[in-house]
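Trainee: I'd like to ask you about the structure that follows.
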Amino acid sequence: MQTLSNMLERLPMKETHRLGIPILPGGLPLVGHAPFNLGDSLNFLRGASAKVGPIFWMRSFGSEMQLVCMGEPGFELLKNRVTSSEFIRDQSPEFIGDALLSQDGTRHRNLRSPMSGPFTPRGLSSSGASALSAEVIEASVASLPASGPFSLLTETQKFALDIIFRVMGIDRSEINDFNTNYREFILGAFPLKLDLPYSPRWRARRGRAWLDARFSSLIAAARGRPEMPGTLSALLAVRDAEGQPLKDDDLISNLRLLALAGHETSASVMAWMGIVLAQRPDLWEKLREEATAAPGLPRSPEELKRHPFAEALFREVLRIYPPVSATAREATEDLTLHGKLVPKGTMITIPLGTYGYDPAIYPEPEKFDPSRWMGRRVPPSAIETAPFGGGPHFCLGYHLAWVEAVQFATAFARELSRRGVRPLLAPGVAPPKLRYLPFGQPPKKTLIEFVPVV
Ligand code: HEM
């Protein structure tokens, strides 16, 4: 693809700039730069800005123009003072619809403030969510195959979904039905117009209807059981600024969003952790020492302090392999970005994943080195948590993702030590490359195996 892109760049282009901002050369007819941006998004965006500078137009499907704004000015846009996320509702009505991610201003604040409580470190502890997640992770890691190469991503995808549903407070007996219908629902992520019986769109709608009906009866049941552990119960207990409980419609659309936002991303991070450890015996040894010295898995955010190396591994995996390469905002007024005038209504891509490769923040940014996160006295800065976004839409599940990842790394090291084995890439498997489909993940064919420690 890159070779094709290089050839296309040499073809004469009619328009090289728009509004004084360069148009990235090398787009294909009809699909523009989308094929290059889709698979290898992170390198594509980094390479493009190295070629044409920190602000440029790229063409997406239908040759529609999209502005890319790198660096601090791009990061600033996440604050949504001069930009908005509301376009997501029209762009993706059935899939995201009217939920936190597609709301702004007072509407967003009125829902986000009460919803945040259960996802703070204290909320995760008091609702029992972090303890539930430890329980699911411990059991899932214990059920990993004893021998034979297997795809770790396939496994982490299964248990990341189990975690998010169990953490909500859904009973173990219902998890399989939830997982099946959720898999149908996410077929709606493909922008296909065809709507015949059994088409992906039809199946997505059927999955969504099942989920919504079950969420609705769970909400009704949970209202009568305030002692029920998990985030759903905690969400039912919160009150907005007027002292009112959250409305069922808001709860349902956001429970769907929680499952979506909190599943593929976390699954990817856990899979990368295992895959990195399978290639780096030095890191494996450090993690094993820390994990086996601990009395067990951390069961609350407070207990994460005992696991500094597992946390460093989590942060370095996110930096090198960010699951979300970019997000977008719509300009709500005329803006000046990198000295260029950008009109109101422009769609702007903010390349979240590229901030982790800034050499001014991370010396030798290409090097995977968890020690850069060790021994720090201050929490990570806003730019250091860029893989989770920024501004009012900063990831609601940040603390949960952090807890899950440390629990996974600790459970993985403890379980494998108990078995007397360590992870290794399966014979003939090459070190994997990050691919976006649309979340950044290792390829499913990256198989690992467990080998005896000699
Ligand atoms: C490593 C794992 C994760 C990563 C990298 C990640 C990344 C992100 C990013 C980049 C955004 C902002 C999108 C934007 O501004 O356009 C976001 C928002 C969000 N995330 Fe996560 N996420 C992760 C895990 C989770 C988990 C576990 C949950 C579930 C609790 C979750 C729930 C959400 C929600 C609800 C939002 C929307 C917040 C709002 O619009 O106010 N995420 N996430």
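Taken together, the values in this text are just the output of simple stated rules run on the coordinates, not laboratory data. The structure displayed is predicted, hence computed values, not measured ones. FYI the Cβ positions are ideal-geometry reconstructions off the backbone, even for glycines, and counts take in every protein chain you see.
Trainee: For the stretch 214-244 and the stretch 258-305, write down the distance between their C-alpha centroids in whole Å.
Mentor: First find each Cα centre; the distance between them is then 30 Å.
Trainee: Roughly speaking, what is the stretch gain from residue 366 to residue 122, that is 0.36 nm per residue apart minus the C-alpha to C-alpha distance, in nm to one decimal?
Mentor: On the way: separation 244, 0.36 × 244 = 87.84 nm, distance 3.52 nm.
Here the answer is 84.3 nm.
Trainee: Could you point to the residue in 189, 141, 434 farthest towards the positive end of the stretch 70-452's charge dipole, with +1 and -1 charges on the Cβ of Lys/Arg and Asp/Glu respectively?
Mentor: 141
Trainee: Taking GluC sites (Glu not before Pro) as candidate sites, keep only those in a DSSP loop with at most 13 other Cβ atoms within 10 Å, then name the longest stretch of the chain containing none of them.
Mentor: Values: sites that count: 15, 64, 94, 227, 242, 333, 366.
For GluC sites (Glu not before Pro) (loop position, at most 13 other Cβ atoms within 10 Å), the longest site-free span of the chain is 95-226.
Trainee: To the nearest 20 Debye, how big is the dipole of the stretch 172-303 about its Cα centre, given +1 on the beta carbon of each Lys and Arg and -1 on that of each Asp and Glu?
Mentor: Working: 18 positive and 18 negative charges, 128 e Å.
Computed about the Cα centre, the dipole is about 620 debye.
Trainee: Among residues other than residue 160 whose Cβ falls under 10 Å from its Cβ, what is the net charge (Lys/Arg +1, Asp/Glu -1)? Before the final figure, lay out each step's value.
Mentor: Values: positive: 158; negative: 155, 162, 264, 404.
Summing Lys/Arg as +1 and Asp/Glu as -1 gives -3.
Trainee: Let me ask you something else. Kindly flag which residue pairs out of 79/340; 51/433; 305/445; 51/344; 158/445 have an alpha-carbon separation exceeding 28 Å in this structure.
Mentor: Working: 79/340 19 Å; 51/433 22 Å; 305/445 34 Å; 51/344 26 Å; 158/445 16 Å.
Exceeds cut-off: 305/445.
Trainee: While we're looking at this one, here's another question. Stretch residue 193-residue 249 to full length: gain in nm at 0.36 nm per residue minus the Cα-Cα span? Don't skip to the end; give the middle numbers.
Mentor: Values: separation 56, 0.36 × 56 = 20.16 nm, distance 2.57 nm.
Value of the extension gain: 17.6 nm.
Trainee: Could you work out the local net charge near residue 85, counting Lys and Arg as +1, Asp and Glu as -1, over the other residues with Cβ closer than 14 Å to its Cβ? Please list the in-between numbers first.
Mentor: Numbers: positive: 79, 81, 89, 107, 109, 112, 329; negative: 86, 90, 98, 104, 330.
Summing Lys and Arg as +1 and Asp and Glu as -1 gives +2.
Trainee: Work out the length of the dipole vector of the stretch 70-452 about its Cα centre, built from +1 on the beta-carbon of each Lys and Arg and -1 on the beta-carbon of each Asp and Glu, and round it to the nearest 20 debye. List each step's numbers first, then the result.
Mentor: Numbers: 46 positive and 43 negative charges, 77 e Å.
For this selection, approximately 380 debye.
Trainee: Oh, and also: If a/c stays under 1.5 just call it rounded; otherwise compare a/b with b/c (prolate if a/b is bigger, oblate if not). Do that for the stretch 197-315, with a ≥ b ≥ c from the square roots of the Cα gyration tensor eigenvalues. Could the numbers behind the result be given before it?
Mentor: On the way: a/c = 3.25, a/b = 1.61, b/c = 2.02.
Oblate, because a/c is 1.5 or more while a/b does not exceed b/c.
Trainee: Sticking with this structure for a sec: Can you bin the chain into rounded, prolate or oblate? Criterion: square roots of the alpha carbon gyration tensor eigenvalues sorted a ≥ b ≥ c, rounded for a/c under 1.5, prolate for a/b above b/c, oblate for the rest. Intermediate values should be presented prior to the final figure.
Mentor: Details: a/c = 1.57, a/b = 1.18, b/c = 1.33.
In terms of gyration-tensor shape, oblate.
Trainee: Scan the stretch 177-262 for chymotrypsin sites (Phe, Trp or Tyr not before Pro) in coil per DSSP, keeping those whose Cβ has at most 12 other Cβ atoms within 10 Å, and list them by number.
Mentor: 198
Trainee: Return the loop-located trypsin sites (Lys or Arg not before Pro) in the stretch 335-367 (DSSP other than H, G, I, E, B) with at most 16 other Cβ atoms within 10 Å of their own Cβ; answer none if there are none.
Mentor: 344, 367
Trainee: Using bins 5 angstrom wide from zero, how does P(r) for the stretch 36-80 break down, in % of all Cα pairs?
Mentor: 5, 20, 27, 27, 16, 5
Trainee: Among 101, 31, 408, which residue has its Cα furthest toward the positive end of the charge dipole of the chain, with +1 on Lys/Arg Cβ and -1 on Asp/Glu Cβ?
Mentor: 31
Trainee: Output the DSSP H helices from the chain with an along-axis C-alpha extent of no less than 30 Å and a mean Kyte-Doolittle hydropathy no less than 1.0. Kindly include the intermediate steps, with their values, before the conclusion.
Mentor: Working: long enough: 200-223 (34 Å, -0.61); 398-419 (31 Å, -0.01).
For the chain, where a helix must reach 30 Å along its axis and average at least 1.0, there are no hits.
Trainee: Residues of the stretch 248-278 with backbone nitrogen within less than 11 Å of a virtual label 7 Å along the Cα-to-Cβ line of residue 177, please, listed as ranges.
Mentor: It comes to no residues whatsoever.
Trainee: In nm, to one decimal, how far is the modelled label at residue 158 from the one at residue 142, with both set 7 Å along Cα→Cβ?
Mentor: That separation, rounded to one decimal, is 1.6 nm.
Trainee: Take the Cβ-Cβ distance between residue 293 and residue 87 as r, set R0 to 41 Å, and report the resulting FRET efficiency rounded to the nearest 0.05. If you can, show how the numbers build up before the last one.
Mentor: Numbers: r = 49 Å, r/R0 = 1.20.
For residue 293 and residue 87, the calculated efficiency is 0.25.
Trainee: If you don't mind, another one. What's the FRET efficiency of residue 394 with residue 51 using the Cβ-Cβ distance as r and R₀ = 35 Å, to the nearest 0.05?
Mentor: Numbers: r = 30 Å, r/R0 = 0.87.
About 0.70, to the nearest 0.05.
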